[in-house]
Each structure stands twice: as C-alpha cells, then as structure tokens.
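Quick note: the coordinates plus some simple rules give every number you see, no bench work behind them. Because the structure is a prediction, the values reported are computed rather than measured. All Cβ positions, glycine included, derive from the backbone under ideal geometry; neighbour counts span all protein chains shown.
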C-alpha cells in the first residue's frame, strides 16, 4: 500500500503540473481566465446562481477572497450580481451571456485537448478512469469536510 501511495503522490504532482499547462494553453481569445475564475464560472454554470457565502464555502475560501475574485469577473462582464429573491439583503451571482459563451468555448477547448491526449485509450479504460477519478474526488471531499 505504501508503494502505491508513493506512486500516486508522485503522479498527482505530475498531473497538477500538466493541468496547469493545459489551463494556460486553453485561454479563449482576449480573455485569460485564472483558475479561480474558471472554477467559479463552472460552479455557476453547473449549479446555477449562488450566494457569495456559498461560493466561499464551496471553495474553502475566506468570503473576502471570493468577493475579490467575483469583482474581477464582474468588471470584465462575465458575471453579475442581483438581489436574492428569498432574502433582499443578500445578493446572488450568475454568469452573464458573455460569461457563458466564454466558459463554453474554454470548456470545449479543454475537452478537445483531453480527447487528443486520450485518443488511444479504449472506451472501457476511459469509463474506468472517469469512475475512479469521480471516486477519488469524493474521497478528497470527505477528507476536506473532516478538516
């Protein structure tokens, strides 16, 4: 088990470097999305409008940090705040039409790169990898929730 854990840790380090390189090589036009902006935009696209506090909690960030990241998205017109219909004192964040378009294009570029990288994998291997990656992420979520 220890040998497997060493190999997994080493390969995770390599993976993180590769993901960073892919992130940098899949910018869209004049918009260079930072990782944090991309993550926020994906969450909004996948789960719908969110309160800033919910975003901060989901990413394990201080509310002031998420506020700065959200303001950057608002300044370039990719996200917008509106009043929360359930609590007028609070605001919710959603993507603008431009934000959705840029996110869709960026996601497609990234998926194309993954498809290139995995083009020689069998469908069974791809399915297994997707399942194991999902399980791995769920395990990490449990670990993070425990503190």
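Using R0 = 30 Å, the C-beta based FRET efficiency linking residue 67 and residue 8 works out to 0.25. Taking only the alpha carbons of segment 1-86, we obtain Rg and Dmax values of 16.5, 53 Å in that order.
When each of the peptides 1-10, 43-52 is scored by the mean number of other C-beta atoms lying within 10 Å of its residues, the order from highest to lowest reads 43-52, 1-10. Between 16, 95, 73, the GNM of the chain built on Cα springs shorter than 10 angstrom shows 16 fluctuating the most.
What Kirkwood radius, in Å to one decimal, follows from the Cα pairs of segment 2-146?
The answer is 17.4 Å.
Subtracting the Cα-Cα distance of residue 100 and residue 132 from 0.36 nm times their residue separation leaves 8.6 nm of extension gain. Extents of segment 52-130, largest first, come to 52, 25, 23 Å (Cα atoms, principal axes, whole angstrom). Helical content of the chain, expressed as a calculated mean residue ellipticity at 222 nm, amounts to -23500 deg cm²/dmol (DSSP H runs of 4 or more residues, -39,500 (n - 2.57) each, divided by residue number, nearest 500). When the chain is treated as a GNM with alpha-carbon contacts under 10 Å, the residue of 117, 37, 97 showing the greatest mean-square fluctuation is 117. Annotation for residue 1 and residue 35: the two label points, set 7 Å from Cα along the Cα-Cβ direction, are 2.9 nm apart.
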